[in-house]
Amino acid sequence: MRQVLSKPERWRIYRVRIIIEMDKLGVSSIGLVVLLSIFMGAVICLQTATNLDNPLVPMSLVGYATRESIILELAPTMLSLILAGKVGSSIASELGTMRVTEQIDALDIMGVNSASYLILPKLISALIFFPFLIIISMCLGIFGGYLVSAGTGILDLQDYMDGIHMEFKVFHIYYALIKTLFFAAIITTVSAYYGYTVRGGSLAVGKNSTKGVVGSSILILIFNYLLTQILLI
């Protein structure tokens with residue numbers, strides 16, 4: 001990390017690489033985020049409405065439960081775990097391939113700080129773009145619940161909208177975004193470490209890619225618990 005965070009030699013080159021990495025790591029993940037978010041919100045709304053059959057409990061709680069589940073846990077944590085598999089494996093395999101084909105060694109011989117040049121733009125782009133992905137996920141998850149309510153008639157739309165507005169706390173959005181920043185840093189740095197330090201051939205690249213995804217996922221779960229303990233309790 002000392003090598004990665006050292007002062008870049010030419011910021012103009014780094015700015016170009018950051019834009020490229022934002023497209024590779026963030027923009028390419030929008031389709032997956034959209035699909036998963038809509039279906040997560042739809043399933044949460046459907047399951048909650050199906051199991052909430054007590055006449056003494058207002059049906060507006062379905063919208064409330066959907067909103068809280070999406071914002072607090074499903075959007076920031078579940079999507080980060082999925083992105084750890086997609087983005088993390090991509091980072092580890094890319095850097096691992098560059099290592100075994102001696103491209104990284106060539107950069108070092110030319111006097112380029114290869115760790116900073118290759119990893120820092122990925123880290124910055126993830127820290128910038130991942131929060132936008134999570135915000136999109138929150139909105140579409142809630143919209144997915146709305147589609148279920150409107151399409152199946154299992155819940156009155158007004159009850160769902162009342163639940164969406166019930167006891168809304170802005171801090172929950174900040175909490176989710178803070179977690180997202182930590183998760184973005186974990187995904188990029190852990191995966192990049194396993195890719196950058198590959199030793200061997202193509203088989204080693206595959207093994208280290210798997211290690212990067214597993215390590216990122218475990219750290220995400222640990223930090224999810226720690227951040228929840230610190231920020232919400």
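Since every read-out is calculated from the coordinates, none of them should be taken as a lab result. Worth saying up front: this structure is predicted, and the values here are computed from it rather than measured. Note that we place each Cβ from the backbone using ideal geometry, even for glycine, and neighbour counts take in every protein chain shown.
Residues in the stretch 84-125 that are surrounded by fewer than 17 Cβ atoms within 10 Å (Cβ to Cβ) and among the acidic types (D, E): E102, D105, D108. Of the helices (runs of 4 or more DSSP H) entirely within the stretch 3-110, those holding at least 3 residues that are farther than 24 Å from L140 by Cα occupy 11-21, 89-100, 103-109.
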